[in-house]
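Notes to accompany the following structure.
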Amino acid sequence: MQKRTLRIYYIIFILISLAVIFTLFIKTFNENLLFYRSPSQINAGEFPENYIFRIGGVVEDGSLDKSKESMNVKFSITDYEKSINISYNGILPDLFREGQGVVIRGKLGSDGVFYAEEVLAKHDETYMPPEVLDSLKVNEKALQDTTRSMTIKK
Amino acid sequence: MIAYIGSFLILIAFMNASLLVLSKPVLSRVTSEYDSLILSTSKLQFPLTFLAFICLIFSFLGDDFSLRYVSANSNSALPYFYKISATWAGHEGSMLLWCLILSFWMFMASVYSKSLDKQFRLKFLNIMGLLNIGFLAFLIFTSNPFEKNISIPIEGKDLNPLLQDFGLIIHPPMLYMGYVGLSVVFSFALTCCLQNDFKPEWAKWIRPWALISWSFLTLGIALGSWWAYYELGWGGWWFWDPVENASFMPWLITTALIHSLITCEQKSMFKNWTILLAIMAFSLSLLGTFLVRSGILISVHSFANDPARGAFILLFLFIVVGGSLLLYLKNASKMNDNTSFDLFSKESFFLINNILLVTATFTILLGTMYPLMLDLFGLEKISVGVPYYNSVFLPIMTPLVLLAGYIPILFLSKRKNNMTKHFFMSLIIILFFSLGSLLFMTQYNLSILLGVFIFMWITFNILYDLVTKYLNTKNIKTLFSNIGMTLAHIGLAVFILGATIVENNKVEKEIILGLGESVKVNDYTFLFSEIIEYDGPNYSAIKAKFIINSDNQFIANLYPEKRLYFSNDMPMTEAGIEPGLTRDLYVTLGNLISDDRWSVRVYHKPLVRLIWLGALMMVLGGILSVIIRKKHKKLSTQV
């Protein structure tokens with residue numbers, strides 16, 4: 001009899017700890033999801049407020065403004081529909097340049113400027129991040145414009 | 001010409017593998033001699049693929065730009081050793097490498113399987129032959145490295161500068177040796193399913209193969225991490241990138257497998273479970289290939305995207321994984337499993353080890369696959385942040401590594417019948433030493449204490465176990481037969497120590513420096529003294545000279561670089577690193593701010609080398625246990 005009650009307690013203990021672990025797990029998972037948005041979506045108000053998320057697009061020609069004193073950089077990215085201003089303080093990746101597809105992680109400020117924590121432009125000068133490519137596909141003509149200046153690696 | 005021979009050899013290899021698989025169903029009605037055909041074709045596969053691979057290497061060395069693969073991945077100005085490594089730098093070549101290694105493992109399996117029952121051996125080689133056919137078909141129909149260009153370019157596009165590096169010469173072959181080595185374990189497990197049995201002596205036969213694959217996998221992952229550390233230019237050693245996860249998941253499952261195989265061998269337990277682990281391990285390495293090669297994940301590993309390839313691998317994955325799981329479900333229940341064991345026994349702890357490792361694998365699988373699934377159904381584009389992995393993976397791993405240090409004590413005390421005394425004794429001693437070691441550190445917190453504690457806990461207990469075993473038997477053989485296991489576990493402890501300290505105590509500064517200016521990081525002064533311009537074989541570069549002093553003592557000169565590769569106008573950052581067992585000093589150039597002023601990254605990374613040293617110890621431990629087992633066997637058969 002005593003052995004049986006012990007076993008029941010044992011099972012209850014395991015079930016409760018499993019439930020706690022599972023809840024914590026789901027919570028952590030949800031908190032660490034990074035959403036991806038295009039400039040047009042942000043313009044339409046479709047973005048998670050006060051959350052870190054990622055945006056992507058092509059760095060607009062002539063928009064790059066580097067400070068001569070600090071690591072501050074301002075530029076804008078576009079999906080050829082809408083564009084959005086980015087402010088970043090840090091070292092830009094080697095492949096960062098105007099006309100390049102980039103993905104940026106950060107927060108949207110109340111002034112409409114996206115404050116970047118990390119700028120990614122990876123690996124290959126002809127490479128276009130898949131997310132950026134997808135948001136450009138919405139606008140076929142824009143895509144053709146981009147392909148002219150940049151061969152998308154197949 | 002060479003390319004035609006290579007093409008032809010691949011076709012011959014394909015036919016050879018088909019012959020291997022078809023010989024039994026076709027010939028068994030006519031003659032009973034089909035078994036020698038199976039054995040010889042399984043050995044012939046390796047030389048055939050090897051020669052095809054040599055042909056591809058020669059096409060690269062001879063700058064044969066009439067081949068599309070060569071022109072896309074090489075350039076006449078490329079140094080010859082990178083021309084050789086370019087052979088497996090792209091998709092097509094790395095698939096040929098995969099086939100080569102698969103045929104190599106089949107060769108080894110064919111040579112070393114004489115001790116197995118004849119019917120078992122033939123079935124086993126048949127399954128390996130099927131895998132060979134699958135991958136060769138993939139190579140021939142979707143990614144032939146010997147495919148011709150429509151018009152022959154005068155110059156090749158060049159190898160991606162990131163891949164022009166020693167680490168990348170050896171990383172893929174080592175990783176593939178591990179990935180594909182699991183195919184031996186997988187085929188073996190399926191044969192067991194077909195035979196409805198998993199005998200202890202079979203577990204004994206397959207364990208060295210699992211250990212060797214595990215060692216190669218460890219080495220491959222460590223090399224990838226080391227490469228990322230010095231080449232990607234910001235000093236991280238693990239990124240939880242989907243491609244890294246793809247190699248880490250099979251590693252975790254194989255780790256579980258080599259532990260559960262011990263129980264299979266010694267107690268004839270966990271048979272079903274072990275077979276499932278073997279199937280999972282290889283399935284995950286196939287999934288890894290699918291993720292990397294289909295172009296779903298874009299990273300340095302995905303060189304080209306082709307939907308046909310993705311579809312082929314997905315179909316292949318579906319057939320292999322689905323088929324083997326069906327076979328498993330149908331047959332595994334027929335195996336007799338000895339299921340009763342004590343709560344405080346080695347078996348129950350191996351079970352906990354397995355559960356934790358599999359759970360960890362599934363949390364990584366979720367983080368890797370969930371974004372892909374959402375994207376596939378067009379629901380949402382997301383990615384899973386690094387904090388998820390850290391906050392889920394570490395709590396699962398902590399009890400696991402504590403357990404790794406606990407098991408030796410448990411069994412020592414069982415022999416002496418006072419386990420609580422031993423447990424608390426070692427706990428107090430180790431806690432005392434780990435608290436004491438904090439006195440030597442400038443910075444500490446709870447996670448450092450935990451890391452140091454785990455390091456000492458594992459090392460002390462594993463060594464104590466080894467010494468006691470030796471003293472109990474007074475036989476030098478016990479020392480030898482346990483040395484591999486001991487070394488691998490201490491390797492794990494060393495890795496944990498390095499990872500904890502570097503993640504908690506590293507100093508990373510991003511600042512702007514002009515010529516003649518200096519920055520102080522901990523006790524080290526970095527003086528930006530010079531800018532040098534020079535030309536490399538296929539690039540031009542700007543090199544900065546940093547003089548490092550500590551307490552007015554000269555330590556080293558570091559030369560971080562910015563390179564511009566001619567062939568594709570691609571910029572690259574090369575870090576300047578002063579390595580040391582206790583700390584690494586790491587400098588990279590960022591962007592030019594104005595005139596001679598640069599933004600730079602200056603890092604101090606304490607004990608970062610222990611991460612790879614620990615991994616190397618694990619590799620060595622794994623290999624030693626295989627070699628010593630073999631020697632042991634020879635000795636025992638001679639006696």
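The values are calculated or read from the model by the stated rules, or taken from the named source; none is laboratory data. What you are looking at is a predicted structure, and each value in this text was computed from that prediction instead of being measured. FYI the Cβ positions are ideal-geometry reconstructions off the backbone, even for glycines, and counts take in every protein chain you see.
General observations
- The listed residue being assigned to a helix (DSSP H, G or I) and exposed (fewer than 14 other Cβ atoms within 10 Å of the Cβ), out of B:T368, B:T420, B:T442, B:T398: B:T420
- Being modelled with pLDDT of 90 or more, assigned to a strand (DSSP E or B) and at negative phi is a property that B:L589 has.
The rows are residues; the columns are (1) more than 18 Å from B:I483 (Cβ to Cβ); (2) exposed (fewer than 15 other Cβ atoms within 10 Å of the Cβ); (3) within 14 Å of another protein chain (Cβ to nearest Cβ).
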residue: B:Q553; (1), (2), (3): yes, yes, no
residue: B:A556; (1), (2), (3): yes, no, no
residue: B:G576; (1), (2), (3): yes, no, no
residue: B:L592; (1), (2), (3): yes, yes, yes
residue: B:G622; (1), (2), (3): no, no, no
residue: B:S625; (1), (2), (3): no, no, no
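- Boolean, B:L131 is touching a helix residue (DSSP H, G or I) at 6+ places or on another chain (Cβ under 6 Å), of a type outside the set (V, I, T) and within 21 Å of B:H91 (Cα to Cα): yes
- Filtered residues of region B:188-207 (kept if crowded, with 20+ Cβ neighbours inside 10 Å and assigned to a helix (DSSP H, G or I)): B:F188, B:A189, B:L190, B:T191, B:C192, B:C193, B:W202, B:A203, B:I206, B:R207
- Residue in region B:24-31 that is crowded, with 18+ Cβ neighbours inside 10 Å and touching a residue at least 12 places away in the same chain (Cβ under 8 Å) present: no
- Pairs meeting the criteria (first residue in region B:572-589 and outside the structural domain of B:L558 (by TED's automatic domain parsing), second residue at pLDDT 90 or above, beta carbons under 8 Å, at least 6 apart or on different chains) are lacking.
- On the stretch given as region A:18-40, residues that are within 12 Å of chain B (Cβ to nearest Cβ) and either over 30 Å from B:D241 (Cα atoms) or in contact (Cβ under 8 Å) with a residue 12 or more places away in the chain (or both) total 5.
- Out of B:L297, B:L284, B:L277, B:L291, sole residue that is within 14 Å of chain A (Cβ to nearest Cβ), buried (at least 19 other Cβ atoms within 10 Å of the Cβ) and modelled with pLDDT of 75 or more: B:L291
- For region B:371-382, a residue qualifies if it is at pLDDT below 80, part of a helix (DSSP H, G or I) and away from every other protein chain (no Cβ under 12 Å), and exactly one does: B:L376.
- Residue that is farthest from the other protein chains (Cβ to nearest Cβ), among those in region B:509-528 that are among the charged types (D, E, K, R) and more than 13 Å from B:D595 (Cβ to Cβ): B:D523
- Residue match in region B:479-486 (condition: among the polar types (S, T, N, Q), surrounded by fewer than 15 Cβ atoms within 10 Å (Cβ to Cβ) and farther than 19 Å from B:T255 by Cβ): no
- Any chance A:G57 is touching a residue at least 60 places away in the same chain (Cβ under 8 Å) and in the same structural domain as A:D111 (by TED's automatic domain parsing): yes
- Qualifying residues in region A:94-108 (those that are outside any strand (DSSP E or B) and among the hydrophobic types (A, V, I, L, M, F, W, C)) - the one nearest to A:T78 (Cα to Cα): A:F96
- On the stretch given as region B:151-164, residues that are part of a loop (DSSP other than H, G, I, E, B) and within 14 Å of chain A (Cβ to nearest Cβ) total 5.
- Which listed residue, of A:D124, A:D111, is in the same structural domain as A:K66 (by TED's automatic domain parsing), assigned to a loop (DSSP other than H, G, I, E, B) and at pLDDT 65 or above: A:D111
- Selection within region A:61-93 - within 12 Å of another protein chain (Cβ to nearest Cβ), assigned to a loop (DSSP other than H, G, I, E, B) and within 19 Å of the chain's Cα centre (by Cα): A:G90, A:I91, A:L92, A:P93
- Scanning region B:227-239 for residues that are more than 15 Å from B:P172 (Cα to Cα) and modelled with pLDDT under 90 yields B:Y230, B:E231, B:L232, B:G233, B:W234, B:G235, B:G236, B:F239.
- Screening the candidates B:T274, B:T191, B:T263, B:T255 for the property of being within 16 Å of B:I623 (Cα to Cα), in contact (Cβ under 8 Å) with a residue 60 or more places away in the chain and not assigned by TED's automatic domain parsing to the domain that holds B:L487 yields one hit, B:T255.
- Checklist (1) more than 31 Å from the chain's Cα centre (by Cα); (2) surrounded by fewer than 16 Cβ atoms within 10 Å (Cβ to Cβ); (3) closer than 27 Å to A:K68 by Cα applied to B:N522, failing item: (3)
- Region B:248-273, subset surrounded by fewer than 23 Cβ atoms within 10 Å (Cβ to Cβ) and of a type in the set (S, T, N, Q), residue modelled with the lowest pLDDT: B:S268
- Residues of region B:43-89 satisfying the condition of being outside any helix (DSSP H, G or I) and over 30 Å from B:S110 (Cα atoms): B:G62, B:D63, B:D64, B:F65, B:S66, B:L67, B:S74, B:N75, B:S76, B:A77, B:L78, B:P79
- When residues of region B:595-620 are limited to those that are away from chain A (no Cβ under 14 Å) and touching an Asp or Glu at 6+ places or on another chain (Cβ under 6 Å), the one farthest from B:V519 (Cα to Cα): B:V608
- Figure legend. Inter-residue proximity from region B:467-485: first residues assigned to a helix (DSSP H, G or I), second residues aromatic (F, W, Y), beta-carbon distance below 6 Å, spacing 6+ or different chains. Indicated pairs: B:T478/B:Y470; B:L479/B:Y470.
- Within region B:349-367, the set of residues being away from chain A (no Cβ under 12 Å) and among the hydroxyl-bearing types (S, T, Y) comprises just one member, B:T361.
- Given (1) away from chain A (no Cβ under 14 Å); (2) over 30 Å from B:D158 (Cα atoms); (3) of a type outside the set (V, I, T); (4) in a strand (DSSP E or B), index of the condition B:K545 fails: (2)
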